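A.B. asks: There's a structure below that I have some questions on.
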């Protein structure tokens, strides 16, 4: 019987498993997918996450495979409103790393296989959980599996969280976005660019392989948007011409803020998006989950080793604190990107010019790279 079963082999679940194995804990990781997903999905890895990944032996491979975003620009109608260097954000990693999630998961899984061969069990789907004496019993597509502890890292629609009746608080936003990755012919290099246009924000981020991600605010329109439609919106708002034929399959999405104060219930622990979901605008979600893992690993290892439950209580409180900080930043990002005209538009331009001044640069850089205060101390 494993000491810990982790449900979900995404970035947070796999990182948690690596950390626990390196502390001598017997771990099994269950993943319902037979093969990793191939879409790029999350791409932003912030400096505090890179510090966590260094301790897990994964950062070097990710940095080699990714693109270092060293600066950001804010533009409107072709004019530069403000720019921000990330050089002051972190002495060791003065950038945000751009790496598609498929590559991130591949590197994490390779590391897990190196430290714990056979720990990852694919094509195992968790369907429920219950207390079984002094242990936990996980119901799966392959029959029951007992463990001392279960970590639910199975995403925002967590089966285990719902099966255990843990209530979530939900705040829904009306904002809708379209997204696609296109061949980068902009000449913007390693800069992330926010086009704060009247009709809504257009976000642009460099990616490995000569690609650039484009995210476009669409008001409250939920309709799908194909590659020509995305290219047309980008050109209309920014003047940048994209080749529709180079755009990977587009996606549309809405945003919400979901959280719970109950990240620890008995021997069931929630981590990552199972515990909190924030807007992807700003790219904080994956890093937030890794910061959870960085605190959860030593706390759970200590409890398994015979320490009292205080460490897990600290994890619960600090995870809640981190998600509140990240949620406030995500809310700010979302509001700033909404359509504006007239006086509200002029006020937003003034705000951008003000906070982009050198006096605010270090504080702003640390906020946007999650270097503080959400990082694990």
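A.B. asks: Which of rounded, prolate, oblate describes the stretch 2-66, given a ≥ b ≥ c as roots of the alpha-carbon gyration tensor eigenvalues and a/c under 1.5 marking rounded, otherwise prolate only if a/b is larger than b/c?
C.D. replies: Numbers: a/c = 2.50, a/b = 1.23, b/c = 2.04.
Oblate, since a/c reaches 1.5 and b/c is not below a/b.
A.B. asks: Please tell me the relative contact order of the chain in percent, rounded to the nearest whole number, where contacts are Cα pairs under 8 Å and at least six residues apart.
C.D. replies: Once normalised by length, the contact order is 21 percent.
A.B. asks: A further question on this structure: For 136, 370, what's the fewest-to-most ordering of other Cβ within 10 Å of each Cβ? It would help to have the intermediate numbers written out before the result.
C.D. replies: Numbers: 136 21, 370 28.
Lowest count first: 136, 370.
A.B. asks: A follow-up question, please. Would you compute, from DSSP H runs of 4+ residues alone, the mean residue ellipticity of the chain at 222 nm, taking -39500 (n - 2.57) per run and dividing by the full residue count, rounded to the nearest 500?
C.D. replies: Helix-only estimate at 222 nm: -11000 deg cm²/dmol.
A.B. asks: Rounded to the nearest 10 degrees, what's the angle between the helix 285-304 long axis and the longest principal axis of the chain, both from Cα atoms, 0 to 90?
C.D. replies: 20 degrees
A.B. asks: Enter the angle in degrees (range 0 to 90, nearest 10) between the Cα long axis of helix 310-336 and the first principal axis of the Cα atoms of the chain, meaning the one along which they spread out most.
C.D. replies: Approximately 20 degrees, to the nearest ten.
A.B. asks: Can you give the % of DSSP beta bridges in the chain that are antiparallel, to the nearest 5?
C.D. replies: Percent antiparallel among DSSP bridges in the chain is about 70.
A.B. asks: What area, in nm² and to one decimal, does the C-alpha convex hull of the stretch 160-261 cast on average over all directions?
C.D. replies: If I average the Cα hull's projected area over directions, I get 8.5 nm².
A.B. asks: Next up: Once both axes come from the Cα atoms, what is the angle between helix 11-22 and the longest principal axis of the chain, in degrees from 0 to 90, rounded to 10?
C.D. replies: Once rounded, one gets 40 degrees.
A.B. asks: Suppose each label sits 7 Å from its Cα in the direction of the beta carbon; what would the residue 186-residue 113 distance come out to in nanometres?
C.D. replies: The two pseudo-label positions are separated by 3.5 nm.
A.B. asks: For the chain, set up a Gaussian network in which alpha carbons nearer than 10 Å are linked by springs, and say which option among 205, 253, 86 fluctuates the most.
C.D. replies: Most flexible of the set in this elastic network: 253.
A.B. asks: What shape does the stretch 52-104 take by its C-alpha gyration tensor, where a ≥ b ≥ c are the square roots of the eigenvalues and a/c under 1.5 counts as rounded, a/b above b/c as prolate, and the rest as oblate? Before the final figure, lay out the partial values.
C.D. replies: Working: a/c = 4.22, a/b = 1.95, b/c = 2.17.
Judged from the Cα gyration tensor, the stretch 52-104 comes out oblate (a/c at least 1.5, b/c at or above a/b).
A.B. asks: Suppose we take every Cα in the stretch 1-137 and form the convex hull; what volume per residue is that in Å³?
C.D. replies: 155 Å³
A.B. asks: If we restrict to alpha carbons, what Rg and Dmax does the stretch 209-298 come to, in Å?
C.D. replies: That works out to 18.0, 55 Å for Rg and Dmax.
A.B. asks: Run the quick spin-label model on residue 232 and residue 55: label points 7 Å from Cα toward the beta carbon, then report their separation in nm to one decimal.
C.D. replies: 5.0 nm
A.B. asks: If you don't mind, another one. Looking only at the stretch 1-94, where both bridge partners belong to it, what percent of the DSSP beta bridges are antiparallel (to the nearest 5)?
C.D. replies: 60 percent
A.B. asks: For 241, 5, 151, 52, what ranking results if the residue with the fewest other Cβ atoms within 10 Å of its Cβ goes first?
C.D. replies: In increasing order of surrounding Cβ atoms, one gets 241, 52, 5, 151.
A.B. asks: Could you work out the per residue convex hull volume over the alpha carbons of the stretch 229-377, in cubic angstrom?
C.D. replies: Taking the convex hull of the Cα positions in the stretch 229-377, it is 156 Å³ per residue.
A.B. asks: How fast does the stretch 87-215 diffuse by Stokes-Einstein, in µm²/s, taking the Kirkwood radius from C-alpha pairs at 10 °C and 1.306 mPa s?
C.D. replies: Approximately 82 µm²/s, per Stokes-Einstein.
A.B. asks: Taking the number of other C-beta atoms within 10 Å as the exposure measure, put 343, 278 in order starting with the fewest. Kindly include the intermediate steps, with their values, before the conclusion.
C.D. replies: Details: 343 8, 278 27.
Lowest to highest Cβ neighbour count: 343, 278.
A.B. asks: Can you give the convex hull volume per residue for the Cα atoms of the stretch 196-235, as a whole number of Å³?
C.D. replies: 83 Å³
A.B. asks: Right, here's the next one. Select from 36, 47, 309 the residue whose mean-square fluctuation is largest in a Gaussian network model of the chain (Cα-Cα springs shorter than 10 Å).
C.D. replies: Sorting by GNM fluctuation, first place goes to 309.
Values in this text are rule-based calculations from the coordinates and carry no lab data. Bear in mind the structure is a predicted one, so any value in this text is a computation, not a measurement. With ideal geometry, Cβ positions are generated from the backbone for all residues, glycine too; neighbour counts draw on all protein chains shown.
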